[in-house]
Amino acid sequence: MDTTSIPPKLKEEIKVEDEKGKDREKDIIAPTTSTMIHRSSSRPQLDLSGAAIQGNFEERDPAILLPNQSDDIFHLALDIGGSLIKLIYFSRHEDHLVDDKRKKTLKERLGLSNGSRRSYPILGGRLHFVKFETRKINECLDFIHSKQLHRGGIDPRGWSSEAPNNDNAVIKATGGGAYRFTDLFKERLGVSLDKEDEMDCLVAGANFLLKAIRHEAFTHMEGQKEFVQIDQNDLFPYLLVNIGSGVSMIKVDGDGSFERVSGTNVGGGTYWGLGKLLTKCKSFDELLELSQRGDNKVIDMLVGDIYGGMDYSKIGLSASTIASSFGKTISENKELEDYSPEDISLSLLRMISYNIGQIAYLNALRFGLKRIFFGGFFIRGHAYTMDTISFAVHFWSQGAAKAMFLRHEGFLGALGAFMSYEKHGLDDLMAHQLVERFPMGAPYVGGTIHGPPLAGLSEKISWMEKFVQKGTEILAPVPMAAPRTTGLGGFESPSSKGNTLRSDDAALNVGVLHLVPTLDVFPLLADSRTYEPNTIDLSDHSELEYWFTVLSEHLPDLVDKAVASEGGTDDAKRRGDAFARAFSAHLARLMEEPAAYGKLGLANLLELREECLREFQFVDAYRSIKQRENEASLAVLSDLLTELDGMNEESRLLALIEGVLAANIFDWGSRACVELYHKGTIIEIYRMSRKKMQRPWQVDDYDLFKERMLGSGDKKPRPHKRALLFVDNSGADIVLGMLPLARELLRRGTEVVLVANSLPALNDVTAMELPEIVAEAAKHCDILRKAAEAGGLLVDAMTNIQDLSKDSLSSTPLMVVENGCGSPCIDFRQVSSELAAAAKDADLIILEGMGRALHTNFNERFKCDTLKLAMVKNQRLAEKLIKGKIYDSVCRYEAAAG
């Protein structure tokens, strides 16, 4: 049972039966009175500060995390339309803050304070998105009741019959059904519907998404999806076209400032109503699926039909342009049953979509608006519908305007209703605090299965649930449609049409928004507006295919390591198989449509893999390997430091850079390097690599770096004030490569901040692991010991050292901060607040490893001196990026950007 759904006022402690049948205690910590936010008894308060997409969900639309949400909010909002009910519900979780002595010392060094941050656990959560057909409202009511959403989200298994009923419970709702079904909600659930204005909600929901989500808006032309980054300062005005049963067109001038300027009664209800009569379809989605296999030329009269197959070039009409929807049926002696339902559905879809697109453009022209956003459940992510609307806007504007679509298109009203629990602006929401994660098909978390009640395992649940309950049986989640070619004008046989309805690829299309209020933009970016982390361009299909092959070939070894990390149990093997199938399906899905999850780069693929591992409960697949390699490297560190100390300053600096490059060879993410592990021990391979460090390297700016560090002649440069060292792998990489370099900087009076991953990724070292590694290394080195004491790294880690030096706080500190991510790469648009604070006084950045210095950030400039160090362990990358070969070295130095 998910204890986070029980308010503190019900129970201080609860016992939860775990999967093995043992009782375990779980504390629920109530906020102190002094830090409580004032809440009105009549209007539960919604804390939207820091909103993001996260988690797992059973529908195709992502969940939004509200990390600062309080615990006494009603967890439900509805948009009840004529055709569909859109439901958003809130589930919360606890996040226990860690504030140990090391963190306290770090905050003091970086000038950080808790400020207004709460001293008790932040209660966060997710927004889940679900839809029902309005005619099946009883199923919706059953769903709400099954989750006790009308009672604050209490898990029904923990619901006490003695608990008082809340007869005054009110949930927010918008849409016509909020009036129509008021009595039914009161009768079935005992709740009242607090009705919010439909237009207010639509606009509030759209503004929230366009401001907060980086890849919310996109264009869709001839099967090609392209995401559009909207400048928040240049968002307004725009035209919002909401296509529900009917169509509303709203001119939006700002938050809370809008006007409904037009509309049409020919909308989604028209398509569904006529389609039902003409094709006998039983559902809207069935009607859309028919259109996938249709040919509108059988029914529609085209310009070419009138002009003998020729264009009407004088007025710019091609032969394939529709002259009259359904016009061809006039001259044919056929009855309804003589036409295929597929052709009827497609013709009907094009007729209504073209009409909506044209009217929308004319209204945009009327008010001088360049941006037109389309939303509503008529679209449903259906590629051909979007293509048709886009074509109409492009045609009538002669290319001057573009149709744009929203990922959460159908939930604008429901989201606005949810936000209305507390009226306020959205200016405090920062786009960089919203992190998008993609559902892997495993909403099985903490022993709780998320989703509606199941009548049987044949119902749509999740891969993980099927593994837990039925062993190794897994259903393929993604129907793969064969690629199609685009016909004349892009609309005869569009690439977005296939044998499978694209919108039903559902759970893999859209991510989940996590709100992470501790993320910031890295302040040392030369230009954060134009920053693009990805170096590899995956828009090239051959490039995409190559990297997919690399990831697929590495998958068996990764699964073996993951299963071994969990003790090789049968459960671990099942989850390992599930992970492999899930990740493979994602790769296949992205091969079919690279933009399915947003703008795609190599960094996104690598992060997707790590997220998939974590979702199938593999916390750290390489932990045992990392531990062995750390121990082996620490055993020879003392000898290396002695060797370095015997060199003069110039020789030592070169040896240190060579050491970083040589040690960076140890990378379990590289197939070429994995083969090296079979040829010798970690130390033997390191020594072999050192011997081959012959200059000049393929990218060799070492002399520039040496001049900055040592100067030339009698002129000695000032040392850097603070260096940020972005470390890469565990073992020799950190111990024999980066720590000796950090030691040299400390020796020169430069503060050093080791920046490591917040979460594990392959064999990368994490910020949680680094203090122990530094503590062990400090046993062999007085410089490291004093610096670690000053930086607070030895407070908890080195309990065996009793006589901490009195002057430690006056020494040059060595600190560790987490970078805010769990990937081999780094996106500097989203880093931890600790790292952002550390960067304010930094004047040197050292990016180490392929992920951070080559896959991402190789071409990016920073406001301070930057050194990028990596050994290239991929032949394709070597050829594309540095015109070299595998095992070539990169030493790229760039002075601070002006």
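The values are calculated or read from the model by the stated rules, or taken from the named source; none is laboratory data. Being a predicted model, the structure only gives us computed values, none of them experimental. Quick reminder, even Gly has a Cβ in these numbers, built from the backbone with ideal geometry, and neighbours come from all protein chains shown. The area values use the complete protein model at the heavy-atom level, side chains included, leaving out ligands, DNA and RNA. Shrake-Rupley method; radii C 1.70, N 1.55, O 1.52, S 1.80 Å.
Please determine, by comparing only the residues of segment 538-593 that are at pLDDT 85 or above and of a type in the set (Phe, Trp, Tyr), which one is farthest from Leu613 (Cα to Cα).
Within segment 538-593, the match that is farthest from Leu613 (Cα to Cα) is Tyr546.
Here is a yes/no grid of residues against (1) more than 21 Å from Arg652 (Cβ to Cβ); (2) in contact with a Pro (Cβ under 8 Å, 6 or more places away or on another chain); (3) open to solvent by 10 Å² or more (accessible area, probe 1.4 Å):
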{"site": "Gly731", "(1), (2), (3)": "yes, no, no"}
{"site": "Arg743", "(1), (2), (3)": "no, no, yes"}
{"site": "Gly749", "(1), (2), (3)": "no, yes, yes"}
{"site": "Pro760", "(1), (2), (3)": "yes, no, yes"}
{"site": "Asp764", "(1), (2), (3)": "yes, yes, no"}
{"site": "Ala775", "(1), (2), (3)": "yes, no, no"}
{"site": "His780", "(1), (2), (3)": "no, no, yes"}
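In this structure, does Ser347 turn out to be of a type in the set (Ser, Thr, Tyr), modelled with pLDDT of 95 or more and more than 17 Å from Met386 (Cβ to Cβ)?
For Ser347, the condition - of a type in the set (Ser, Thr, Tyr), modelled with pLDDT of 95 or more and more than 17 Å from Met386 (Cβ to Cβ) - is met.
Residues in segment 199-213: is at least one in contact (Cβ under 8 Å) with a residue 40 or more places away in the chain, surrounded by fewer than 20 Cβ atoms within 10 Å (Cβ to Cβ), of a type in the set (S, T, N, Q) and at negative phi?
No: zero hits.
Would you mind finding the one in Ala206, Ala212 that is among the aliphatic types (A, V, I, L, M) and closer than 19 Å to Met386 by Cβ? Don't jump to the end; show me each part of the working.
Values: Ala212 fails: closer than 19 Å to Met386 by Cβ.
From the options Ala206, Ala212, the qualifying one is Ala206.
Please work out which one of (1) open to solvent by 30 Å² or more (accessible area, probe 1.4 Å); (2) at pLDDT below 95; (3) of a type in the set (S, T, N, Q) is the condition Asn630 fails and give its number.
So Asn630 meets the others, but not (1).
Just checking: which of the strands (runs of 3 or more DSSP E) contained wholly in segment 321-408 hold 3 or more residues that are of a type in the set (A, V, I, L, M, F, W, C)?
371-375, 402-406
So Arg581 fits all but one of (1) touching a His at 6+ places or on another chain (Cβ under 8 Å); (2) open to solvent by 10 Å² or more (accessible area, probe 1.4 Å); what number is the exception?
The failed condition is (1).
Just the residues that are part of a helix (DSSP H, G or I) and of a type in the set (A, V, I, L, M), please, taken from segment 846-874.
Met850, Ala853, Leu854
Within segment 738-750, is there a residue that is under 29 Å from Tyr686 (Cβ atoms), part of a strand (DSSP E or B) and touching a residue at least 40 places away in the same chain (Cβ under 8 Å)?
No: segment 738-750 contains no residue that is under 29 Å from Tyr686 (Cβ atoms), part of a strand (DSSP E or B) and touching a residue at least 40 places away in the same chain (Cβ under 8 Å).
Could you grab me the full set of residues in segment 875-898 that are in contact with a helix residue (DSSP H, G or I) (Cβ under 7 Å, 6 or more places away or on another chain), part of a strand (DSSP E or B) and open to solvent by 20 Å² or more (accessible area, probe 1.4 Å)?
Hit for segment 875-898 is Tyr893, nothing else.
Within segment 498-512, does at least one residue satisfy the condition of being open to solvent by less than 50 Å² (accessible area, probe 1.4 Å), within 29 Å of Phe858 (Cβ to Cβ), in contact with an Asp or Glu (Cβ under 7 Å, 6 or more places away or on another chain) and at pLDDT below 90?
The answer is yes, given that some residue of segment 498-512 is open to solvent by less than 50 Å² (accessible area, probe 1.4 Å), within 29 Å of Phe858 (Cβ to Cβ), in contact with an Asp or Glu (Cβ under 7 Å, 6 or more places away or on another chain) and at pLDDT below 90.
Of the residues that sit in segment 592-641 and are of a type in the set (Lys, Arg) and out of contact with any strand residue (DSSP E or B) (no Cβ under 7 Å at 6 or more places or on another chain), which one is farthest from Val774 (Cα to Cα)?
Arg609
Out of curiosity, is Ser318 touching a helix residue (DSSP H, G or I) at 6+ places or on another chain (Cβ under 6 Å) and touching a residue at least 24 places away in the same chain (Cβ under 8 Å)?
Yes: the conditions hold for Ser318.
Suppose we filter His554, His586 for residues that are part of a helix (DSSP H, G or I) and farther than 19 Å from Gln617 by Cα; which single one remains?
The unique qualifying residue is His554.
Got a sec? Which of Tyr546, Tyr597 is open to solvent by 50 Å² or more (accessible area, probe 1.4 Å) and over 29 Å from Ala838 (Cβ atoms)?
Tyr546
Just need a number here: residues in segment 251-295 that are loosely packed, with under 15 Cβ neighbours inside 10 Å and of a type in the set (Ser, Thr, Tyr).
2
Kindly list, by first and then second residue, each pair from a residue in segment 384-403 that is charged (D, E, K, R) to a residue that is open to solvent by less than 10 Å² (accessible area, probe 1.4 Å), limited to pairs with Cβ atoms under 8 Å and residues at least 6 apart or on different chains.
Asp387/His220; Asp387/Gly490; Asp387/Phe491; Asp387/Pro494; Asp387/Ser496; Lys402/Ile372; Lys402/Ser390; Lys402/Val393
So which of Ala853, Ala897, Ala878 ends up being of a type in the set (Gly, Ala, Ser) and over 30 Å from Arg718 (Cα atoms)? Steps first, please.
Details: Ala853 fails: over 30 Å from Arg718 (Cα atoms); Ala897 fails: over 30 Å from Arg718 (Cα atoms).
Checking each option against the conditions leaves just Ala878.
For the structure I just gave you, tell me whether Asp305 is open to solvent by less than 30 Å² (accessible area, probe 1.4 Å), among the acidic types (Asp, Glu), touching a residue at least 12 places away in the same chain (Cβ under 8 Å) and assigned to a helix (DSSP H, G or I). Explain how you work it out, then say what you get.
Numbers: open to solvent by less than 30 Å² (accessible area, probe 1.4 Å): no; among the acidic types (Asp, Glu): yes; touching a residue at least 12 places away in the same chain (Cβ under 8 Å): yes; assigned to a helix (DSSP H, G or I): yes.
No; evaluated as a whole, the condition is false for this residue.
For the subset of segment 223-250 comprising residues that are within 30 Å of Ser528 (Cβ to Cβ) and in a loop (DSSP other than H, G, I, E, B), which member is most open to solvent (accessible area, probe 1.4 Å)? Before the answer, list the steps.
Initially, segment 223-250 is screened for residues within 30 Å of Ser528 (Cβ to Cβ), giving 224-240.
From what's left, in a loop (DSSP other than H, G, I, E, B): 228-231, 235-237.
Details: Val228: 40, Gln229: 115, Ile230: 15, Asp231: 82, Leu235: 1, Phe236: 55, Pro237: 60 Å².
The residue in question is Gln229.
Do we have Val170 as in contact with a His (Cβ under 9 Å, 6 or more places away or on another chain) and either at negative phi or modelled with pLDDT of 85 or more (or both) here?
no
I'd like to verify a number: residues in segment 675-712 that are modelled with pLDDT under 80, open to solvent by less than 50 Å² (accessible area, probe 1.4 Å) and not in a helix (DSSP H, G or I), how many?
2
Assess whether Thr812 counts as being at pLDDT 95 or above, of a type in the set (S, T, N, Q), more than 32 Å from the chain's Cα centre (by Cα) and surrounded by fewer than 23 Cβ atoms within 10 Å (Cβ to Cβ).
Against the criterion (at pLDDT 95 or above, of a type in the set (S, T, N, Q), more than 32 Å from the chain's Cα centre (by Cα) and surrounded by fewer than 23 Cβ atoms within 10 Å (Cβ to Cβ)), Thr812 does not qualify.
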